[in-house]
Amino acid sequence: MVESLILSFGALAMQGADTPALPASPDKTLVQYIAEGGEIGYIIIGLSFTAVVFIIAALVRLRRSRLAPEEYVSALDRMLRAGSIEQAITYCSSPEHESFLTRVMGTALLRCSRSPFGLLELRTALEEAGQQEVARLHRSTDAIGLIASVTPMLGLLGTVVGMVGAFDTLSVSEGVAKPDQLAGSISVALITTVLGLVVAIPCTAVYSYLRNRVDSLVAEVGDLIEELASHVEQGAGTPAKQAASHAPRKPARKPQPQGTRDG
C-alpha cells in the first residue's frame, strides 16, 4: 500500500517534470485554493475572520484613554483632595463613568466605607480590586490565543483527512492509482496545513503583543491610582490617628460625692 502511494507520488512528480508549464495552475485564485481545503479549510478561514474581530476590539479597548480617561482622573483627584469620599464612590458607580480606573477606585472605596477598619485597608482593597480588573483584561484576549492554538491542530486534522482519502483511493484502485485520483486528497492535506499556519502565526504574535500591552497600561494606570490613594490617606490623617478614631472609648469616670466621709 505504501509502495503504491510512493509510486503514485513519483508519477505525479514525473508528470509535472514532463510538462514545463501548467496552464490551469497560474489561473487559480486564492478562493479556489481555499476551496480545495474542503470543510476544514472553511472552518479555518471562519476562525481567521473571528480573530480579526477580536483583535480590533482588543486594540480599541486597550488604550490609555479608555482605561483611565483624563476627565475621570481630574474629577476623582478633585473629590479626593477635598475629602469627598461618598461623592467619589457615587461618581465611580455611575454607568456613564465606567472604566478600569473607576472600577478599581470605586470598589476599593466602597469596601472601605463598609468596613469597620475604614481607610486602614485602602491599600489592600485597591490591590485586590486591581487584580480582578487585570484578570478581566487578560480574559478579553484569551479568544485570540485560543484561535492561535486551535488553527494548527485543524490544519493537522485536514492533513490526516487528506492522507486517509489518498489511502482510500489506493485501496479501491487496481494497481497504481493515477495522479489525478490522488490530487484532491493531497491538496486537502497540504492546503489545510498551510491555512492553519497562516492564521496561527499572526494570531500568536498579536496575542503576545496584547498581553504585554495590558501589563504596560496597567502599570501606568497603577501609578495614577497610587497618587489618588495618597490623597485619600492624607485627607484621612495618619494610620495612628485612624486607629485612635476607631478604638473604643473608655467611659467617663463619675465624680465622687464630697458630702460624706468615713468616720
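Any read-out appearing in this document is the output of simple, stated calculations on the displayed coordinates, not a laboratory observation. Computed from a prediction, not measured in an experiment: that's the story for all the values here. Because the Cβ atoms are built from the backbone with ideal geometry, glycine has one as well, and the counts that use them run over all protein chains shown.
Observations, loosely collected:
- Gln234-Arg136 FRET efficiency (beta carbon distance; Förster radius 22 Å; 0.05 resolution): 0.15
- Extent of the range 34-137 along its three principal axes (Cα atoms, max minus min coordinate, largest first): 67, 27, 18 Å.
- The label point for Ile56 and the one for Leu190, both projected 7 Å from the Cα toward the Cβ, are 3.4 nm apart.
- 3J(HN,Hα) couplings calculated from phi for the range 93-106 with the Karplus curve 6.51 cos²θ - 1.76 cosθ + 1.60 (θ = phi - 60°) are, in sequence order, 7, 5, x, 6, 10, 5, 6, 4, 4, 5, 5, 5, 5, x Hz; Gly and Pro show x.
- Summing charges over all other residues whose Cβ lies under 15 Å from the Cβ of Glu96, with Lys and Arg as +1 and Asp and Glu as -1, gives 0.
- Length available on full extension from Arg63 to Ser84: 0.36 nm per residue minus the Cα-Cα distance, which gives 4.7 nm.
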